[in-house]
Structures are given as C-alpha cells and as structure tokens.
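A.B. asks: Quick one: the structure is below, and I'll ask about it shortly.
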Amino acid sequence: MEDKTAQPGMSAEAKAEMWKAMYFRAQAGMERYMVSNYGYGAIDQWIDFSAEATAKQSDRYKTEGAVPFTENLARILGECWGSDVTVVQKSAEHSKVDIDNCGILSYRRGAAQLGIELTFDDPCREYCTKLQSAIAAKQNLSSSCTLKSGGCSWTFTRNEEEG
C-alpha cells in the first residue's frame with residue numbers, strides 16, 4: 001500500500017536552509033511587531049522573557065557553571081548557523097568563546113540585500129548581545145562581550161553562590 005502522506009526527501013542542507021528561513025522570518029516578524037506596537041523598549045522585556053525561558057531548559061548550569069552555556073552557544077552558532085566558533089577555554093568557573101563570520105549576521109546581511117525589511121540597524125548591539133548576556137545572568141554567570149567585524153568574543157564567569 002502506498003503512503004500518500006510521505007513527503008519527498010530533502011537533503012540535510014536543504015532542511016537546514018528551510019529551518020533558518022523559517023526561524024529568521026518568525027524572529028523578524030516578532031521584532032517588527034514588538035517595535036511597531038510597543039516601541040523599542042518592548043524588546044528588552046522580550047529579551048528578559050526569552051532569557052528566563054531559555055535558562056529554565058537546563059539545570060546543568062547549577063553544577064557545571066559556564067560549560068553548558070558555552071556548549072549551547074557554540075552549537076547554535078557553529079552547527080546551526082555555520083559561524084566559525086572557537087571555544088578558547090571551557091570550565092565550570094570561566095569560559096571564553098570567539099565567534100568569527102557569524103552566520104546569523106551573514107544571514108541578515110543576505111536578507112537585507114534581497115530587500116527584506118530588518119528591524120535593527122545593529123542587531124548585535126540591539127538584540128543578540130543583550131539576549132546572550134541576559135541568558136547568562138539567569139544562569140548565574142557574568143558575561144562580557146567584545147564585538148568585532150563579523151563576530152564577537154565572549155567571556156563567561158560563574159558568580160559566587162549567594163548565602
């Protein structure tokens with residue numbers, strides 16, 4: 001019997017590109033909606049909400065400190081978005097990550113060249129670094145970021161436990 005619900009096969013590369021396009025459209029739509037209806041200040045509230053939701057996904061940071069955050073950031077930017085990611089140092093107490101040729105930034109530039117309206121003039125400063133810093137803070141980490149052409153460098157340090 002023939003399966004009439006079967007979809008034609010897609011290559012892994014085609015699936016990845018489809019995922020990126022869907023994610024990018026959803027993110028760009030959310031940004032545009034928030035700014036258009038509530039102003040740029042609403043983005044900070046969205047960042048806080050997103051950081052809280054992301055931090056709740058894993059309790060590993062309580063025992064492993066900066067390691068899970070570093071691994072997640074490297075995986076998402078490297079494997080999902082094709083950025084050049086170098087984990088310089090990775091320990092529970094202190095991690096450093098260098099990101100070159102940021103895939104998200106490259107994707108946004110390509111979208112802009114196609115005429116897609118983007119909400120942020122400087123997405124790294126206006127959104128990404130704020131989001132990553134907020135997620136780190138929710139996971140009891142201090143973070144610092146240095147932006148560079150086409151990427152950034154991050155340092156994450158576990159905060160002292162209170163009490």
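The values are calculated or read from the model by the stated rules, or taken from the named source; none is laboratory data. Note that the structure is a prediction, hence the values are computed from the model and not measured. Backbone-built Cβ (ideal geometry, glycine too); neighbour counts: all protein chains shown. Calculation scope for accessible area: heavy atoms of the full protein, side chains included, ligands and nucleic acids excluded. Shrake-Rupley method; radii C 1.70, N 1.55, O 1.52, S 1.80 Å.
A.B. asks: Can you give me the long-range amide H partners of L141? Hydrogens built in the peptide plane at 1.01 Å from N, cutoff under 5 Å, separation of 5 or more residues or another chain.
C.D. replies: N159
A.B. asks: Of the chymotrypsin sites (Phe, Trp or Tyr not before Pro) in segment 11-72, which ones lie in a loop per DSSP and count no more than 15 other C-beta atoms within 10 Å?
C.D. replies: The qualifying sites are Y40.
A.B. asks: If the only charges are +1 at each Lys and Arg Cβ and -1 at each Asp and Glu Cβ, what is the size of the charge dipole of segment 1-107 around the Cα centre, to the nearest 20 debye?
C.D. replies: Dipole magnitude for segment 1-107 comes out near 160 debye.
A.B. asks: On average, how much accessible surface per residue is there in the chain, in Å², for a 1.4 Å probe, leaving out ligands, DNA and RNA?
C.D. replies: Counting only protein heavy atoms, the per-residue value for the chain is 62 Å².
A.B. asks: Which residue, M30, S11, G41, has the largest displacement toward the positive end of the dipole of segment 5-54 when charges sit on each Cβ (Lys, Arg +1; Asp, Glu -1)?
C.D. replies: So the residue furthest toward the plus end is S11.
A.B. asks: Moving on to the next point. Of all the accessible heavy-atom surface of the chain, with the other protein chains kept in place and a 1.4 Å probe, what percent is carbon and sulfur?
C.D. replies: Answer for the chain is 52 percent, counting heavy atoms of protein chains only.
A.B. asks: Continuing with the same structure: Roughly how big is segment 108-163's charge dipole about its Cα centre, with Cβ charges of +1 (Lys, Arg) and -1 (Asp, Glu), in debye to the nearest 20?
C.D. replies: For this selection, approximately 240 debye.
A.B. asks: Here's another thing I want to ask about it. Grab the DSSP H runs of the chain that are 4 residues or longer, score each as -39,500 (n - 2.57), total them, divide by all residues and round the 222 nm result to the nearest 500 deg cm²/dmol.
C.D. replies: Value at 222 nm, helices only, nearest 500: -15000 deg cm²/dmol.
A.B. asks: For semi-axes √(5λ) of the Cα gyration tensor in Å, pick the label among (1) 22, 17, 15; (2) 25, 21, 16; (3) 29, 21, 17 that corresponds to the value derived from the coordinates.
C.D. replies: Label of the calculated value: (3).
A.B. asks: So which helices of the chain fit the span-like rule, where a helix is a whole DSSP H run, its Cα atoms reach 18 Å or more along the axis, and its mean Kyte-Doolittle is at least -0.5?
C.D. replies: Those that clear 18 Å and a mean of -0.5 are 41-55.
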